[in-house]
Structure formats: C-alpha cells, structure tokens
Amino acid sequence: MDEAKSGIVSDIAERVFAGRWIAGPYVKDAMNVALRFNANCIGAIINYLGEALSEKKEISYTIDIYSSLIGSIISKSADSQISIKPTQIGLDISYQYAKKNYLKLASAARKKGVFVWLDMEESSKVDDTIRLYYSALKFGNVGICIQSYLRRSEEDITRIASSGGIIRLVKGAYTEPEEVAYGDRAEVTRNYYRLMQILFTNSRKFMIATHDMPIIKRALILNKKYHREIEFAMLNGIRNMDALYLARKGNAVRIYIPFGPSWLKYSIRRLREAGHASLVARSLFSRQRI
Ligand SMILES: Cc1cc2nc3c(=O)[nH]c(=O)nc-3n(C[C@H](O)[C@H](O)[C@H](O)COP(=O)(O)OP(=O)(O)OC[C@H]3O[C@@H](n4cnc5c(N)ncnc54)[C@H](O)[C@@H]3O)c2cc1C
C-alpha cells in the first residue's frame, strides 16, 4: 500500500475505532468526556495513552501531561482519578527511575486530593509494579490493578488486601503464555469470581472493573452481605449505557477514559479482546453516547 493510501486507512481506523474509546489527543478532550460522565453521576479515571517508553524526554513530557491533567481536574472540579502505566513513567529504563517518577506524581496528586491508580501491564512487569505500589502505599491515595487471568493473582491480591491496598480487579488484556495465565476465558472468569470473593472477605474498599454483567450482579448481591465500599468501572465506549443504569440505581461507577495521540496499541487490545469481533461490532453500533 502506498503512503497516501495507508494514511487514509489509518485515518479511517482512528475515526471508527479510536474515536469510540479514546477521548481525543488533548487534556481538554479527556476533561470534556469526564465532565459529561460526571453530569450523569459517573466518575472518571483518566489515562494518558502511552507505554514502553524508553526515552527520558518522552517520559518527562508524559509526567508534565499528567501534572497538567491533575491541575485541570481540580480547576474544573471534576470527579476524576488518574491511572498510570508503569512503563510510561520509566519502568523499561529502571525500577528506581520509575519509582522516582511515580512517587513524584502520586505526591502531587495526593496534595490535590486526586486518587492515582497503577495500571497493570504484561506479566513480566507485575513484580516491579507491585513493588512500586508498595513504595507509595504508606502515603495513601493510591490503588493498583490486578488481573484475574494470572495464576499468581490470588497470592498477590491476598497480600495486597491484607496490607490495606486498594485493588482494581480486571480480567487482563495482554497475550500471556499458558504457564503464567489461564488461557480459557471461562477459567479467567471463574478466577475473577474467586478473587472477588477474597476482596469481599478481606478488603474494605475496592473496584470491580468489568463489563461482564453476571459478575457485576454477583458483586451487588455479595455487597448486601458484606457492605464494602465498592466502585464499578468500565472502559469508555464499551457499555456506557449499562454504566449509566448502574449509576442511576445508586451505585458508585467510574468510566476509564484514555486520551492522547498514541491510540493504536490501546485500540488493538480492545479489538483483540479475546478475539470477539462481534462484541466489538456490537459496541460500535449500539448507543454509547452519554
Ligand atoms: C476500568 C478498567 C480498567 C482496566 N485496566 C486494565 C489494566 O490496568 N490492565 C489490564 O490488563 N487490563 C485492564 N482492563 C481491561 C480488562 O483486563 C479486560 O481486558 C476488559 O475489561 C474486558 O474484560 P471484561 O472483564 O469486560 O470481560 P469480557 O468477558 O471480555 O467481556 C464481558 C462482556 O463485556 C462486553 N465487552 C468486553 N470487551 C468488549 C469490547 N472490546 N467491545 C465490545 N464489547 C466488549 C461484551 O458484552 C462481553 O460479553 C481494564 C478494564 C477496565 C474496565
């Protein structure tokens, strides 16, 4: 394909797919989407797209963007948290460098009362991501994502919950080898239920991040017994109307809103979502706008 044609294809792909899930290239785009959700009693979690950064210049630019995002959240009085990928703040350069950046951002956010999540990336990053999390946990105001497709997660979740950590439970979005992750979707879901039970038993406050309605219904039932501080979270553009329904029923709900020019890897993960092209098509053509 010549350059002009490939440019057109990429423009169309960006408009059709990325436009559905990604707020736009700038902080102001993310804020607009977040405020729209806020007006419907839904909180936000904003993520600046980017991963596997290896240039310090790019990393320091990313940190500036997050700082300006925190400033905007405060100046617009938005109900929004932020979520950071360890490899966008330098984990691929060194653990110590990422830690310095993470603590700097977490401290700036804490001073303004903005909660900070650590996204979880590939299985090779889990140990360092948990270490990063522990480095900030004593100061509070931080949470970490744990993936139910990983065989190790039961141990991780039990340990983090018993240390008072705040967990966002997801199924997991990367392609992982059999030795570390359950390959079968049903097994991933079964493990989600197991891990969720551990959270209800051992944790006061956590986040159920899924579009899987039977899991959400089970969480609502469990919470009648345990009375935990739970929030539900979904990705922007997948099941916005279900998020709205949950919020209208009085549940705490957040939408994860990615923004930034690096839309491709994120969109591929959503498209790949365990190979369910029909699901993606459904989310594209069903009503999503709030
Ligand atoms: C708030 C939030 C934060 C996340 N953070 C991380 C993270 O840090 N690290 C990580 O690895 N993963 C993260 N994820 C992604 C997660 O791991 C899953 O890949 C994603 O949520 C799909 O899994 P599911 O739990 O919705 O279940 P699934 O079984 O995949 O989906 C349940 C139902 O949701 C709908 N659905 C799901 N995905 C799509 C789609 N792409 N298009 C259309 N319909 C769809 C379908 O109806 C499907 O039947 C996050 C997800 C959320 C909601």
Leaving ligands, DNA and RNA out of it, rank MET241, MET213 by accessible area with a 1.4 Å probe, largest first. MET241, MET213
Which order do you get for CYS41, CYS145 if you rank them by accessible area with a 1.4 Å probe, largest at the top? CYS41, CYS145
Listed by chain and number, the lysines with an alpha carbon less than 25 angstrom from that of LYS217, same-chain partners under 8 positions apart left out, are LYS171, LYS205, LYS225, LYS249
Taking a label point 7 Å from the Cα of ALA52 along Cα-to-Cβ, the residues of the range 70-104 whose backbone nitrogen sits under 15 Å from it are 86-93
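Within the chain, what is the longest stretch that has no GluC sites (Glu not before Pro) placed in a DSSP loop and near at most 12 other beta-carbon atoms within 10 Å?
Between the exposed loop sites, the longest stretch runs 56-177.
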To the nearest 10 Å², what's ASP119's accessible area with a 1.4 Å probe? 10
Eligible lysines near LYS28 by straight Cα distance, threshold 21 Å, same-chain separation 8 or greater: LYS76, LYS85, LYS112
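Please report the relative contact order for the range 3-285, taking Cα pairs under 8 Å with a sequence separation of at least 6, and give it as a percent rounded to a whole number. The partial results should precede the final answer.
Values: 446 pairs, mean separation 67.1, N = 283.
Worked out over the range 3-285, it gives 24 percent.
The values are calculated or read from the model by the stated rules, or taken from the named source; none is laboratory data. Values in this document were obtained by computation on a predicted structure and should not be read as measured data. Quick reminder, even Gly has a Cβ in these numbers, built from the backbone with ideal geometry, and neighbours come from all protein chains shown. These area figures cover heavy atoms from the full protein model, side chains too; ligands, DNA and RNA do not enter into them. Shrake-Rupley method; radii C 1.70, N 1.55, O 1.52, S 1.80 Å.
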